[in-house]
Amino acid sequence: MLTTHNCGELTSKEAGTKVTLCGWVDTLRIQGKIGFLLLRDRYGITQVFLNPELSKEIATLPKESVVVIEGEVKKRPANQVKKEMSTGEIEVSATTIDIISRSETPLPIEITEETTTHIDKRLDYRFLDLRRNKIAAIFKIRSVIYALTNEFFIKEKFININTPKLTKSGVESGAEEFKIDYFGKKASLAQSPQVYKQMFVVAGLEKVFEIGPIFRAEKSHTTRHLTEFIGIDFEMGFIKDEHDVMDVIEKYFTFLLEKLIKQCAEELTVVGVKLNIPPKIPRLDMPEIKKLLKEKGKTIPENEDLDAEAEKLLGEIVKKKYHSDFVFTLGYPWAKRPFYHMRPENNPKVTRSFDLIYNGVEIATGAQREHRLEILEKQCKEKGIDLKKLEFYRDIFRYGVIPHGGVGMGLDRIVEQMLNLGNIREAILLPRDPERLTP
Ligand code: ATP
Ligand code: MG
C-alpha cells in the first residue's frame, strides 16, 4: 500500500507518529509563507500543515490533484480545532509531498457540497460528482441496503436465483419491451423475472428471490422511472393468501431499517435523513382508500389505478392517521392488473394484489398468483393473450403446482424514497432513461 493510514482514522493517540497519507487535494490555503492542505479520501479529511518550502512547491497545485504526503502527526491546540473536520484534533505536519496526478482545470462540475451544477451535467461527470461527501454517502447506504437485502432473504430461507435477462418475448405487456436481435431471432430484454420466479417455486425451491436488472422501454420522463433498474423480486409457495407475502415484506422493511439506522448512522447524517422504523404497516382496501382520497378532494373512478398524485396524497393521509411512512394498498381492479394475478372467488372485478407505497410513491407490486390452469387460461383469454405463445409458462402449471405469490420491488425507488432524493436518478450511479445512454 502507498499509505500507512487513511484520512478518517488519525486521532491524538497517533501524535508523534510518522505517517504516509494519500488522497485528493480538497482545499489548499496558502497564508503568507505557510500553508494548509485539506487532504481527502473516502474515509474523511485530514488537515496537513505545509512549511514555507512545501507551500511554495505546491502553491499552484489545482484542487482534486492526487498527492502522497509523509509527515508527523501533531496534536492541535484546542482553540484551533474546527468541529467540522473529521480528524479535527490532529494535523499532519508534512515533510515531503509527492504529486501523483495533477488535475486539469477548470473542473467540469462544481465539487462542493452545495453545488449549483445541474443534475444532467453532474451525471455526465458522475465519477467527479461522487467526490462530494453526500453523493458518496448515498452509495455507501445503497451498498448496505443491497447486502442487508441478501442477508434478510437468506435468513428467511429464500433461495437466491439468477434468471435470464435475454428472453424470447416478455410475458407482460409488449409496449415496454426492448427488442433485440438474437442471431436473427426476435428477442427482448427481461422486463421482470416473473415467469422464472414462479417456475422455481413450482420446481420445489418453494421460496426464491433475485436482485437483478430489469429493462423497460419507458418513454416517460418522470422522476421515478428508469429504463434499466434493479429489481428485488421474491416469490413464495404454500401461501394462504396475499397477506402472507405482505407479512414478509413488512418483516423485511423492519429488519432493513433497524439495521441501517445502526450501520449507516454517519452516512444518514451526511445525507440529512432520519429514518423511522415502521409500526404495523396499514393494509387498506381500495374502497377505503377511495373514501379517504375523496375526503381530500381526489376522485378515483371505478376500474382505475391510483395515479402518482393519489399515491402522494394517500402517503400524507396515512402519515397523519397511522404515523406510518408505508401503506399497503389492496384490491386493485382486474382491468389494471396482469392476467396471472388471482381474483377472489366472490368478486372477479378485483385482484388479490397489492402495492406498497413508501412516502407517497409506489415501491412494490405483489399478488397471489393464479395457479389453476383452467382459470389461468380463462384469464388469458379475457386479456386477449395467447397462452400457446407462452408454452413454457403454461407447462409450469401442468405437473403439480402449489399456491404461491410474490412481489416485485425496485431498489432504486426504495433508495430514492428512503433518502428523500427527489429524483430516482440520484439513487443510481449511472441512470438510463430515454435520453441517457452514456457514460
Ligand atoms: P409504475 O406504476 O410506477 O410505473 P409499475 O407498476 O409499472 O410502476 P411494476 O411492474 O409493479 O411497476 O414493478 C415493480 C416495482 O419495480 C415497482 O413498484 C417499482 O418499485 C419498480 N419499478 C417499476 N418500473 C420502474 C422503472 N421504470 N424505473 C424504476 N423502478 C421501477
Ligand atoms: Mg406496480
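Every number in this text was worked out from the coordinates using simple rules, so none of it is lab data. Predicted model, so just to flag it, every value in this text is computed and none were measured. Cβ coordinates were reconstructed from backbone atoms using ideal geometry, including for glycine residues, and neighbour counts include every protein chain displayed.
At a Cα cut-off below 19 Å, give the lysines reachable from Lys168, other chains included and same-chain residues fewer than 8 away excluded.
Correct list for Lys168: Lys179, Lys185, Lys186, Lys197, Lys388, Lys389.
Taking Cα centroids, how far is the range 84-132 from the range 324-339 in Å?
Value for the Cα centre distance between the two parts: 45 Å.
Taking the Cα atoms of the range 355-404, what is the range of coordinates along each of the three principal axes, in descending order and whole Å?
Ordered largest first, the range 355-404 gives principal extents of 41, 26, 17 Å.
Would you please name the trypsin sites (Lys or Arg not before Pro) within the range 331-412 that are DSSP coil residues with at most 16 other C-beta atoms within 10 Å of their C-beta?
Lys349, Arg372, Arg398
Would you kindly derive the ³J(HN,Hα) couplings of the range 157-165 from the backbone phi angles with the Karplus curve 6.51 cos²θ - 1.76 cosθ + 1.60 (θ = phi - 60°), listing them in order in whole Hz, with x for Gly and Pro?
Each residue of the range 157-165 in turn: 6, 7, 9, 6, 10, 10, 10, x, 9 Hz.
Pairs of alpha-carbon atoms within less than 8 angstrom and 6+ residues apart define the contacts here; what relative contact order does the range 265-416 have, in percent?
So the answer I get is 19 percent.
Taking the Cα centre of the chain as origin and charging only Cβ (+1 Lys, Arg; -1 Asp, Glu), how large is the dipole, in debye to the nearest 20? The partial results should precede the final answer.
Working: 68 positive and 66 negative charges, 61 e Å.
So the dipole magnitude of the chain works out to roughly 300 debye.
Only residues of the range 239-260 count here: report those whose backbone N is under 15 Å from the spot 7 Å along Cα→Cβ of Asn160, or say none.
Within reach of a label on Asn160: no residues.
Among Ile363, Gly16, Ile109, whose Cα lies farthest out toward the positive end of the dipole of the chain, if unit charges sit on the beta carbon of Lys, Arg (+1) and Asp, Glu (-1)?
Going by the charge dipole, the pick is Ile363.
Considering all alpha-carbon pairs of the range 1-128, what whole percent are spaced by more than 22 angstrom?
Result: 37 percent of Cα pairs exceed 22 Å.
Dividing the alpha-carbon Rg of the range 88-165 by 2.2 N^0.38 Å yields what?
1.72
Given R₀ = 30 Å, what would the calculated FRET efficiency be for Phe139 paired with Ile277, taking r from the Cβ atoms and rounding to 0.05?
The pair Phe139/Ile277 has a calculated efficiency of 0.85.
Counting only C-alpha contacts under 8 Å and six or more residues apart, can you give the relative contact order of the range 301-368 as a whole percent?
Value for the range 301-368: 33 percent.
Taking 4 °C and 1.567 mPa s as the conditions, I'd like the Stokes-Einstein D for the range 203-358 in µm²/s, using the Kirkwood hydrodynamic radius from alpha carbon pairs.
This corresponds to a translational diffusion coefficient of 73 µm²/s.
Rounded, prolate or oblate: which one fits the range 349-439, using the alpha carbon gyration tensor with axes a ≥ b ≥ c (rounded when a/c is under 1.5, else prolate when a/b beats b/c, else oblate)?
Prolate.
Using amide H atoms built in the peptide plane, which far-off residues or other-chain residues are under 5 Å from Val350 H to H?
Under 5 Å from the amide H of Val350: Trp334.
For the charge dipole of the chain, defined by +1 on Lys and Arg C-beta atoms and -1 on Asp and Glu C-beta atoms about the Cα centroid, which residue among His225, Tyr125, Thr60 has the Cα displaced farthest towards the positive pole?
Going by the Cα projections, it comes out as His225.
When the Karplus curve 6.51 cos²θ - 1.76 cosθ + 1.60 is applied with θ = phi - 60°, which whole-Hz ³J(HN,Hα) does each residue of the range 345-350 get, with x for Gly and Pro?
4, 8, 8, x, 7, 10
Per-residue ellipticity at 222 nm for the chain, helices alone: DSSP H runs ≥ 4 residues times -39500 (n - 2.57), over residue total, nearest 500 deg cm²/dmol?
Result for the chain: -8500 deg cm²/dmol, rounded to the nearest 500.
If you wrap a convex hull around the C-alpha atoms of the range 191-283 and split its volume per residue, what is the figure in Å³?
Convex hull volume per residue, Cα atoms: 151 Å³.
Once R0 is set to 45 Å, what does the formula 1/(1 + (r/R0)^6) return for the Cβ-Cβ distance between His118 and Tyr146, expressed as a FRET efficiency to the nearest 0.05?
The computed FRET efficiency comes out at 0.95.
So how far, in whole Å, is the C-alpha centre of the range 138-166 from the one of the range 244-322?
Taking the Cα centre of the range 244-322 as reference, the centre of the range 138-166 is 22 Å away.
HN-Hα J couplings of the range 212-221 from phi, Karplus 6.51/-1.76/1.60, θ = phi - 60°, integer Hz, Gly and Pro as x?
So the Karplus estimates, Gly and Pro as x, are x, x, 10, 10, 9, 7, 7, 7, 5, 10 Hz.
Suppose every Lys and Arg Cβ carries +1 and every Asp and Glu Cβ carries -1, with no other charges. What dipole size does the range 1-155 come out with about its Cα centre, to the nearest 20 debye? All intermediate terms of the calculation are to be shown ahead of the outcome.
Working: 23 positive and 21 negative charges, 66 e Å.
Using Cβ point charges on Lys, Arg, Asp and Glu, the range 1-155 gives about 320 debye.
With r defined as the distance between the Cβ atoms of Tyr322 and Gln263 and R0 fixed at 25 Å, what FRET efficiency is calculated, to the nearest 0.05?
Between Tyr322 and Gln263 the formula returns 0.40.
Among rounded, prolate and oblate, which fits the chain when a ≥ b ≥ c are the square roots of the eigenvalues of its C-alpha gyration tensor, a/c under 1.5 means rounded, and a/b larger than b/c means prolate?
It is prolate, given that a/c is not under 1.5 and a/b is the larger ratio.
Note down the magnitude of the dipole of the range 180-276 about its Cα centre, charges +1 on Lys and Arg C-beta and -1 on Asp and Glu C-beta and zero elsewhere, to the nearest 20 debye.
Approximately 280 debye in magnitude.
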